[in-house]
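Please read the structure below before turning to the comments.
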Amino acid sequence: MSAGTIHDEISRYALRFLGVGSSQAVELGSPSAVLERDGRPLLMIDCGGEALTAYLAHYSGLPPAIFITHTHFDHIGGMERLFFRSYFDPELRGQLRLFVPASVVPWLQGRVADYPGVLAEGGVNYWDAFQLVPCNRGFWWQGLWFEIFPTRHHQPGTSYGLALTGSFVFSGDTRPIPELLEQRPGQELVCHDCGLVGNPSHTGIDDIEREYSIDLRQRLLLYHYGSAADGESLRQRGYRVATAGAAFALRSPVEDHLPLPLSQSSTEQGSHE
């Protein structure tokens, strides 16, 4: 397969939104999505309280893996309940993978995992329920390479987005990041944090129209807005807007887009010396 080839016309992949609201818009659900392959869940993005409830209702079981963008509670509020569901099921204990950016791990440890006595009986660590996989550039899961990238949300190094090359980008909570998104492949669906009015931590529609090219704006799918009325206002401006429960077909990922292993890089450098 040549570089950049999409292997089929009808994709096996879809992105289903569990919730699309800002932290105050609980009626819209916690902002979260699930990557599906052949109709089955492959990876959940974030685990707010309402998102976990929506996941369990739709899929009738726990996710096989979760990526955490950052540790505000509308994105991790379901993590304590997730621990109990996973730990007390012998078939699931230690199986669910948590992919967490390395710089976010200490925040997740402090906000969730460090609570003294995760079980009243003692003898159990929070992480016993999961497989924690810290990552920097990205991670492998089910034969696919997922890229992670920093976003602009509160303090640097605390919030990240996710991309599957050729298929989709999920911004997570962020201010505009044109320096990252404008260089992405043109066929990707770009799911972007956007409300009617921006603030120092989130993107507003005026930011979208000021910072991003027309080509990129045509690929946007907006979520993380403040109310159903706000979503309708964004829609009336000509944008696609996600709603809780909606699934969006994706282009198939570029399966031959692989990161250069460090060992290979070192070997090639040595061969030229």
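Annotations for the structure displayed:
- Each Lys or Arg adds one and each Asp or Glu takes one away; over the other residues whose Cβ falls under 12 Å from the Cβ of residue 51, this sums to -1.
- The chain: calculated mean residue ellipticity at 222 nm from DSSP helix runs of at least 4, using -39500 (n - 2.57): -5500 deg cm²/dmol
- The label-point distance for residue 119 and residue 196, in a model that sets each label 7 Å from Cα toward Cβ, rounds to 4.9 nm.
- If R0 equals 35 Å, the separation of the Cβ atoms of residue 246 and residue 214 corresponds to a calculated FRET efficiency of about 0.90.
- Loop-located trypsin sites (Lys or Arg not before Pro) in region 142-240 (DSSP state not H, G, I, E or B) with no more than 15 neighbouring Cβ atoms inside 10 Å: 237.
- Taking every DSSP beta bridge that has both ends in the chain, the antiparallel portion is near 55%.
- Exposure proxy ranking for 170, 88, based on other Cβ atoms within 10 angstrom of each Cβ and starting from the fewest, stands as 88, 170.
- Ranked 76, 208, criterion: other C-beta atoms within 10 Å, fewest first: 208, 76
- Dipole axis of region 13-254 (+1 Lys, Arg; -1 Asp, Glu on Cβ), positive-most option in 19, 213, 83: 213
- 43, 92 arranged by Cβ crowding within 10 Å, fewest neighbours leading: 92, 43
- Computed packing ranks the peptides 179-192, 95-108, 117-130, 11-24 as 11-24, 95-108, 179-192, 117-130, most packed first, by mean other Cβ atoms within 10 Å.
- Neighbourhood charge, 13 Å Cβ-Cβ cut-off, centred on residue 182 and excluding it, Lys, Arg +1 and Asp, Glu -1: -1
Values quoted throughout were computed directly from the atomic coordinates according to the rules given, and no laboratory measurement underlies them. This one's a predicted model, so the numbers in the text were calculated from it and none came from an experiment. Heads up, the Cβs are rebuilt from the backbone with ideal geometry, glycines too, and the neighbour counts pull from every protein chain shown.
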